[in-house]
Amino acid sequence: MFTLVIGGAASGKSEYAEGLVLLSPHRPRYYIATMEPFDEEGRRRVEKHRRMRAAKEFETVECYTNLSSVRLSARGTVLLECIGNLAANELYSPSGAGTVEGALSAIAGGVDTLLAQCEDLVAVGNEVFTGGSDYAAGTEDYLRLMAGVNRALAQKADRVCEVVCGLPRYYKGAVE
Amino acid sequence: MIFITGPLYSGKKEYARRLLGCSREELKDRAVWDAQDQAKDCADLNNLADELARYEVVIATEVGGGVVPVDPAERAAREAAGRLSVLLAQRAQRVVRVFCGLPMELK
């Protein structure tokens, strides 16, 4: 079962997505961490999240670019968070694809690789598309990539929801 | 008239083409998009909504999300865009919000 959870900043999307993972009977639980820590603050943040998730028995797998390279040791449940980081890394990091098309296929293809290796996947995406379109050219690329990834994943997903104020609205499928 | 709204690049035009069963070229005659841009500096939104409602399909991108802009003109444009969408939805037989390429019937 593949669920795509999308929401704005501080919408409660992460908590909701984590809840879906905890509901899945398939173990182990993997957390694909996509935020590359660049400084001390970033490292502390990552460490805090790692401890929080360890308590919930998540195994952390770091992946900043090239999602297809991830190999999971057992078929369990995967939490992929978040697509916004992955998209930025693929677009701007030296090890990333570098172009919108390249990044789109790297992420969509990477999700296929994950789906082939797990029972349940919950991916978290970002709603950044209703604040107007008056942005610099570089931002436009990022938005187009994010929108492309969201649409590609929504097509693959069994369930798609948008989380608003912690509440899910399902556009496809629904929780039993 | 069918009113289609949704976030930026969410697949609104593609959905409109599917709905009407027409090509990209034909869509130009049967539908109007970026209606939100016409709301800016419009003196009479009701009248604009009436004009737009003559098309088979009217498409507007949602622009009211995100942080409220500091610039008063941008704030006013966002307000006008939002109000135009409400007026269009009132005139529409059907309202659909497209999200990640997936349509959700609102009316």
How big is the charge dipole of chain B about its Cα centre, in debye rounded to the nearest 20, if each Lys and Arg gets +1 on its Cβ and each Asp and Glu gets -1 on its Cβ?
400
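Explain nothing, just the number: dipole magnitude of the protein assembly as shown about its Cα centre with +1 on each Lys and Arg Cβ and -1 on each Asp and Glu Cβ, in debye rounded to the nearest 20. Each step should come with its number before you reach the end.
Values: 35 positive and 39 negative charges, 161 e Å.
Dipole about the Cα centre, nearest 20: 780 debye.
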Take the alpha-carbon positions of the protein assembly as shown, form their convex hull, and give its projected area averaged over all directions (one quarter of the hull surface) in nm².
16.2
Restricting to Cα pairs below 8 Å that are 6+ residues apart, what does the relative contact order work out to for chain B? Please round to a whole percent.
43
Sparse-neighbour loop sites [GluC sites (Glu not before Pro); segment A:1-81; at most 11 other C-beta within 10 Å; DSSP]:
A:GLU57
Spacing of the two label points (7 Å from each Cα toward its C-beta) at B:LYS107 and B:GLN90, in nm
0.9
Determine the shielding of peptide B:6-14 by partner chains: average, over its residues, the number of Cβ atoms on other chains within 10 angstrom of each Cβ.
5
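Per residue of A:5-13, what is the mean number of Cβ atoms on other protein chains within 10 angstrom of that residue's Cβ?
Values: counts 0, 3, 0, 2, 2, 0, 0, 0, 0.
So the per-residue partner count for this stretch is 1.
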Using a 10 Å cut-off on Cβ to Cβ distances, tally the other chain neighbours for every residue of B:95-107 and report the average as a whole number.
5
XL table A:LYS172/B:LYS40; B:LYS12/B:LYS107; A:LYS48/A:LYS156; Cα-Cα > 22 Å flagged, in table order, is A:LYS172/B:LYS40; A:LYS48/A:LYS156
Per-residue Cβ neighbour rank within 10 angstrom, fewest leading, A:SER95, A:SER24:
A:SER95, A:SER24
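Only sites in a loop by DSSP and with at most 12 other Cβ atoms within 10 Å count here; which trypsin sites (Lys or Arg not before Pro) in segment B:7-105 make the cut? Spell out each step's value before the answer.
Numbers: sites: B:LYS12, B:LYS13, B:ARG17, B:ARG18, B:ARG24, B:LYS28, B:ARG30, B:LYS40, B:ARG54, B:ARG75, B:ARG78, B:ARG83, B:ARG91, B:ARG94, B:ARG97; in loops: B:LYS40, B:ARG54.
For trypsin sites (Lys or Arg not before Pro) across segment B:7-105 that sit outside H, G, I, E and B with at most 12 neighbouring Cβ atoms in 10 Å, the list reads B:ARG54.
Determine the shape class of chain B: with a ≥ b ≥ c the square roots of the Cα gyration tensor eigenvalues, call it rounded for a/c under 1.5, and otherwise prolate if a/b is greater than b/c, oblate otherwise. Working shown, then result.
On the way: a/c = 1.89, a/b = 1.42, b/c = 1.34.
Prolate shape, in that a/c is at least 1.5 and a/b is the bigger ratio.
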log10 of Debye I(q)/I(0), alpha-carbon scatterers only, for segment A:39-176 at 0.09, 0.17 Å⁻¹
-0.30, -1.10
For chain B, what does the helix formula give at 222 nm: sum of -39500 (n - 2.57) over DSSP H segments with n ≥ 4, over the residue count, nearest 500 deg cm²/dmol?
-13500 deg cm²/dmol
Any idea what the relative contact order of chain A is, in percent, if you count C-alpha pairs under 8 Å spaced at least 6 apart?
35
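Report, for the protein assembly as shown, the % of DSSP beta bridges that are antiparallel, rounded to 5.
Numbers: 9 of 45 bridges.
Of all bridge pairs located within the protein assembly as shown, approximately 20 percent are antiparallel.
With the contact rule set at Cα under 8 Å and sequence spacing of 6 or more, what percent relative contact order holds for segment A:5-67? Let's see the in-between values first.
Values: 40 pairs, mean separation 23.4, N = 63.
Over segment A:5-67, the number comes to 37 percent.
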Using a simple spin-label model with points 7 Å from Cα along the Cα→Cβ vector, what separation in nm is obtained for A:TYR135 and A:VAL175?
2.9
Charge-dipole axis of segment B:2-105 as Lys and Arg at +1 and Asp and Glu at -1 on Cβ define it, positive-most pick from B:VAL95, B:ILE2, B:LEU19:
B:LEU19
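The numbers here are math on the coordinates, done by the rules we state, and not lab data. Keep in mind it's a predicted model, so treat the numbers as computed, not measured. Please note: Cβ atoms are built from the backbone with ideal geometry, for glycine as well, and neighbour counts cover all protein chains shown.
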